[in-house]
Amino acid sequence: MCSGGCAKCLGITLIPLAVLCTLANILLFFPGGKVVSSNEHITEEVWYFGGILGSGVLMIFPALVFLGLKNNDCCGCCGNESCGKRFAMFTSIIFAAVGLLGAGYCFVVSAVALNRGPKCNNGNNWNYPFENGNYLSNNTIWALCSSPENVIPWNLTLFSLLLIMSGIQVVLCAIQVVNGLIGTICGDCTCCGCCGGNGAI
């Protein structure tokens, strides 16, 4: 597949992932699907906005750049028609790196949140009753959280989704880094073929 076409496929995939990550992060502000009485009762990692900023906003820019590569014209520069495409593919590497950083940030925040567990009321006060992810393999200790109701499966599901989706975003952006390098060195086949050959559209 031509480098521009490959980038477009990656962009199409990244946009819905960015939207889903944003929605997952927003839902985490409602522990157990309920509105809490104080913002202090929300798990700390939610406020790091891993899904909204990292895998959401920062991912939209690379996705839009990737989508535009396929339709980028081949006017070129200095009489070299492949120059325009090569520069566009080089630029996509920079945006892919931005996407890598954003998705990586979300991945780390989600992993930390899963290991730490949710903030909840243990009957006396609001704290983090779990340590080193011990609640993940032992659901009998879930009883330590008396409220909000269902906060543990709620956080576990949403942070797991963020972990998985941000991991996919990291892979897709890494693919575009490689794809961008190939496009920069060889050019896009819709312009001049790979490595200077006369490719077909």
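The values are calculated or read from the model by the stated rules, or taken from the named source; none is laboratory data. Being a predicted model, the structure only gives us computed values, none of them experimental. Counting neighbours? That spans all protein chains shown, and the Cβs are built from the backbone with ideal geometry, glycine included. The accessibility values were calculated without ligands, DNA or RNA, using every heavy atom of the protein model including side chains. Shrake-Rupley method; radii C 1.70, N 1.55, O 1.52, S 1.80 Å.
Set side by side, the residues Ser38, Ser110 differ, and just one is modelled with pLDDT of 90 or more and in contact with a helix residue (DSSP H, G or I) (Cβ under 8 Å, 6 or more places away or on another chain), which is Ser110.
Here Thr91 meets each of (1) farther than 18 Å from Gln169 by Cβ; (2) open to solvent by less than 20 Å² (accessible area, probe 1.4 Å); (3) hydroxyl-bearing (Ser, Thr, Tyr); (4) at pLDDT 90 or above with one exception, condition (2).
Within segment 34-48, the set of residues being of a type outside the set (Ser, Thr, Tyr), touching a Cys at 6+ places or on another chain (Cβ under 9 Å) and assigned to a loop (DSSP other than H, G, I, E, B) is empty.
The set of residues in segment 106-138 that are buried (at least 22 other Cβ atoms within 10 Å of the Cβ) and among the basic types (Lys, Arg) contains only Lys119. Filtered by the rule that a residue be of a type in the set (S, T, N, Q) and either without any contact (Cβ under 8 Å) to a residue 12 or more places away in the chain or assigned to a helix (DSSP H, G or I) (or both), segment 138-183 gives Asn138, Asn139, Thr140, Asn155, Thr157, Ser160, Ser166, Gln169, Gln176, Asn179. The residue of segment 1-35 that is modelled with the lowest pLDDT, among those that are in contact with a Leu (Cβ under 9 Å, 6 or more places away or on another chain) and closer than 15 Å to Thr157 by Cβ, is Gly33. Inspection of segment 165-180 identifies no residue that is over 23 Å from the mean Cα position of the chain (by Cα), open to solvent by less than 30 Å² (accessible area, probe 1.4 Å), of a type outside the set (Asp, Glu) and modelled with pLDDT under 95. Note on segment 46-67: residues that are surrounded by fewer than 23 Cβ atoms within 10 Å (Cβ to Cβ) and not β-branched (Val, Ile, Thr) total 8.
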